[in-house]
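A short worksheet on the structure shown next.
All of the numbers you see were taken from the coordinates with simple rules; none came from a lab. A quick note: this is a predicted structure, and the numbers were derived from the prediction, not measured. Note: ideal-geometry Cβ built from the backbone for every residue, glycine included; neighbour counts use all protein chains shown.
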Amino acid sequence: MTVYRIDLAYDGAAYRGYAIQPNVRTVQGDLETALGHHVPDLTTVVAGRTDAGVHATGQVVSFKADELDCVNVQRSVNSQLGGSASVLGLVAAPAGFDARFSAIGRRYRYDILNREPPDPFLDKTSWRIEWPLDVELMNVAMRPLVGLHDFASFCRKAANRSTERRLDGAEWTRESDIVSLNIWASSFCHQMVRSIVRVAVDVGRGRAAPSVSSAILESMDRQAGFGSAPAHGLTLVEVMY
């Protein structure tokens, strides 16, 4: 059998997350239903299981199948996904490729619309904050988080799963009214990025000092943080191999 790679984009607002759940629409559910018409006994592997409301422009999925006509299968699957998701590419991958375990890094972007008037388009993919944000202070707050740490304070705890992660980089930038965080690591624990964003926003608004990120990290206490930023501002933009 051949290993195939799918590059996938989707609008997180249309789904209750990536992973299949009973009685709700999910990305995996729609994708496997569409792909299953061409691949019997289908099993897919995904690079990152995004939460409800989180978008993707660079998600990666792998699966094994007998020889496929990739062009026709891609066209067929996209015709069934209804516009909420799109297979950007479908190709045969090297033997042994695994969307999850072959990945060496994942990069997310979190977008904030930093102005008072709403935007009928940007409001769907960014968190609108009307108060001015100091991007320089937000970046100062990111520095203690880069490196190998136990991010228990920033993660929703899952049973028997480590919260130790190596954060390779985190940078806030501003372009006009859009303030964006680019953040990358080999992997992230549940709600880690959104929790980091929430702390950075309080720093950017002047409600907390930049040193608060270090204090929260060292506390090892989920309750020490400020909660999580809304899901709809977060996008998985790249999986690195």
Debye equation applied to the C-alpha atoms of region 36-77, log10 I(q)/I(0) at 0.28 Å⁻¹ = -1.09
The set of residues whose placed amide H lies less than 5 Å from the amide H of TYR15, leaving out same-chain residues fewer than 5 positions away, is GLY53
According to a simple spin-label model (label point 7 Å from Cα along Cα-to-Cβ), what is the distance in nm between SER76 and ALA13?
-> 3.2
Using the Karplus equation 6.51 cos²θ - 1.76 cosθ + 1.60 (θ = phi - 60°), what ³J(HN,Hα) coupling, rounded to whole Hz, does each residue of region 10-16 give in order, writing x for Gly and Pro?
-> 7, 8, x, 5, 7, 10, 9
Based on the Kirkwood radius over alpha-carbon pairs, what value in µm²/s does the Stokes-Einstein equation return for the translational diffusion coefficient of region 2-92 at 25 °C and 0.890 mPa s?
-> 190
Are there chymotrypsin sites (Phe, Trp or Tyr not before Pro) in region 104-184 that DSSP puts in a loop and that have at most 14 other Cβ atoms within 10 Å, and which ones?
-> PHE121
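Can you sort LEU122, LEU145, LEU236 from fewest to most other Cβ atoms within 10 Å of each residue's own Cβ?
Fewest-to-most ranking of LEU122, LEU145, LEU236: LEU122, LEU145, LEU236.
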How much net charge surrounds GLY48 when only the other residues with a Cβ under 9 Å from the Cβ of GLY48 are counted, with Lys and Arg +1 and Asp and Glu -1?
-> +3
Sorted by Cβ neighbour density within 10 Å, fewest at the top, the residues MET240, MET142 = MET240, MET142
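Which shape class applies to region 93-241: rounded if a/c is under 1.5, otherwise prolate when a/b exceeds b/c and oblate if not, where a ≥ b ≥ c are the square roots of the Cα gyration tensor eigenvalues?
Oblate is the answer for region 93-241, as a/c is 1.5 or above yet b/c matches or exceeds a/b.
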For region 129-141, Karplus couplings with θ = phi - 60° (6.51, -1.76, 1.60), whole Hz, Gly/Pro x | 10, 7, 7, x, 10, 8, 5, 4, 5, 4, 5, 4, 5
Quick one: net charge of GLY105's neighbours, Cβ under 9 Å, K/R +1, D/E -1?
-> 0
Find the centroid of the Cα atoms in region 60-94 and in region 152-231, then give the distance between the two in whole Å.
-> 34
Computed for the chain: size of charge dipole around the Cα centre, +1 on C-beta of each Lys and Arg, -1 on C-beta of each Asp and Glu, debye to nearest 20, value 500
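So what is the relative contact order of region 62-201, in percent, for Cα pairs below 8 Å that sit 6 or more residues apart?
Working: 184 pairs, mean separation 32.8, N = 140.
Taking the mean separation of contacting Cα pairs over the length of region 62-201, I get 23 percent.
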Quick one: if the Förster radius is 45 Å, what FRET efficiency do ASP134 and VAL24 give, using the C-beta to C-beta distance and rounding to 0.05?
-> 0.70
Looking at region 94-174, which GluC sites (Glu not before Pro) are DSSP coil and have at most 11 other C-beta atoms within 10 Å of their C-beta?
-> GLU130
